[in-house]
Amino acid sequence: MRAFFYQRPTTFAEAAELLGHPHALPLGGGTDLLVCIEEGLSAPAVLVDLRSIEGNDAIAEQEHGVRIGAAVRVHRLARDPLMLRDYPALAQACDAVGSPALRNMGTIGGNLCQRPRCWYFRRGIPCLKNGGSGCPARTGENQYHAIIDGGPCHVVHPSDPAVALTALDAELQLTSREGTRSVRIADFYALPRDRMDQETVLRPGEVVSAVVLPATFSRGPQFFRKILQRGAWDFALVSIAAARRRDGAIRIVLGGIAPRPWRVPESVEEDVASGGLDEDSIAALAERALYDAEPLSKNGYKVALAASLLRDAMRELAA
């Protein structure tokens with residue numbers, strides 16, 4: 001690990017100026033970034049701590065929803081009364097993150113931007129994401145890799161809150177020296193076939209500054225569930241977030257199966273929203289939702305897990 005400078009700005013303008021340095025990186029809780037530095041995946045010259053920026057750790061109700069500063073701790077979102085009342089899917093997803101220590105250190109902005117946990121990528125084994133010529137997971141140890149939207153790299157995105165936020169149709173505010181722009185979280189993550197150097201659409205020097213939750217999902221039926229290999233402190237084998245909007249529309253999103261939170265086809269959501277489904281219809285819809293799944297040699301079990309979660313979600317939302 002090489003030496004780096006540490007900066008603690010108090011405004012986004014100051015932070016944006018510091019992040020304009022070509023080798024500067026933003027720091028939230030550091031639970032993933034510092035590991036990436038230790039593993040040689042990142043080599044910053046400057047770390048810019050975003051936690052002291054005024055208002056960056058605030059949760060504020062607005063006319064059309066709720067604004068969450070990127071420095072809000074994951075643990076706080078899991079326990080916040082407003083989240084538990086209006087956006088329980090997000091509270092449940094935050095409560096499922098890692099361990100109590102990680103939830104108390106990690107920030108929501110950092111959690112959304114963490115790097116994939118593929119063991120080939122993380123251990124420096126040559127792969128497409130670290131400069132190699134192929135994906136060793138394709139024919140190797142691939143039991144935790146993608147079954148949808150994979151290729152040529154087969155990583156899955158590790159964030160639990162990202163799955164819930166996609167189901168809630170959240171927007172992210174992205175800030176840089178050029179100002180602030182809004183991006184739907186559904187458009188925030190990049191597939192490996194589109195770019196290999198990073199997993200998001202963040203531009204150089206740009207950071208997530210806030211998450212905005214729309215009021216259209218507030219207090220509606222919604223939930224998040226996660227299947228783990230271990231009982232706790234683990235990433236999702238498969239997870240699901242589902243929510244019903246005030247106008248009756250439904251969102252269903254799966255995690256742990258693709259390089260980004262994966263929303264099921266809209267035609268399936270529309271059929272679920274219509275209600276009155278019997279068990280045969282639910283089973284057929286779950287199968288249809290996963291029609292494009294292409295499991296690798298050792299992760300076919302994810303198709304069965306995803307189908308089970310989908311059937312549970314459909315029963316609950318269609319009730």
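The values are calculated or read from the model by the stated rules, or taken from the named source; none is laboratory data. For clarity, every value in this text was computed on a predicted model and none was experimentally measured. Note: ideal-geometry Cβ built from the backbone for every residue, glycine included; neighbour counts use all protein chains shown. Heavy atoms of the whole protein, side chains included, go into the accessibility calculation; ligands, DNA and RNA do not. Shrake-Rupley method; radii C 1.70, N 1.55, O 1.52, S 1.80 Å.
The set of residues in the stretch 204-224 being open to solvent by less than 20 Å² (accessible area, probe 1.4 Å), farther than 22 Å from PRO158 by Cα and not in a loop (DSSP other than H, G, I, E, B) consists of PHE217 alone. Note on the stretch 104-203: enclosed helices (runs of 4 or more DSSP H) holding 1 or more residues that are charged (D, E, K, R) and buried (at least 20 other Cβ atoms within 10 Å of the Cβ) are 160-167. Of all residues in the stretch 33-66, those satisfying the criterion of being over 21 Å from PRO126 (Cα atoms), of a type in the set (A, V, I, L, M, F, W, C) and not in a loop (DSSP other than H, G, I, E, B) are LEU34, VAL46, LEU47, VAL48, ILE59, ALA60, VAL66.
When only residues in the stretch 68-84 that are surrounded by 19 or more Cβ atoms within 10 Å (Cβ to Cβ) and among the charged types (D, E, K, R) count, which is nearest to PRO204 (Cα to Cα)? Once the filter is applied, the top-ranked residue is ARG73. The listed residues are ILE257, ILE227, ILE282, ILE252, and the only one of them that is open to solvent by less than 20 Å² (accessible area, probe 1.4 Å) and either in contact with a Pro (Cβ under 7 Å, 6 or more places away or on another chain) or over 23 Å from LEU172 (Cα atoms) (or both) turns out to be ILE282.
Cβ-Cβ distances below 9 Å connect the following pairs, each with a first residue in the stretch 247-266 that is under 19 Å from ARG219 (Cβ atoms), a second residue that is of a type in the set (Asp, Glu) and surrounded by fewer than 24 Cβ atoms within 10 Å (Cβ to Cβ), and a separation of six or more residues or different chains: ALA249/GLU269; ALA249/GLU270; ILE250/GLU269; ILE250/GLU270; ARG251/ASP169; ARG251/GLU269; ILE252/GLU269.
Confirm whether ALA306 is surrounded by 22 or more Cβ atoms within 10 Å (Cβ to Cβ), assigned to a helix (DSSP H, G or I) and among the aliphatic types (A, V, I, L, M). In short, yes. Output the residues belonging to the stretch 1-37 that are surrounded by fewer than 17 Cβ atoms within 10 Å (Cβ to Cβ), closer than 17 Å to GLN198 by Cβ and free of Cβ contacts under 8 Å to residues at least 60 places away in the same chain. Answer for the stretch 1-37, where residues must be surrounded by fewer than 17 Cβ atoms within 10 Å (Cβ to Cβ), closer than 17 Å to GLN198 by Cβ and free of Cβ contacts under 8 Å to residues at least 60 places away in the same chain: HIS23, VAL35.
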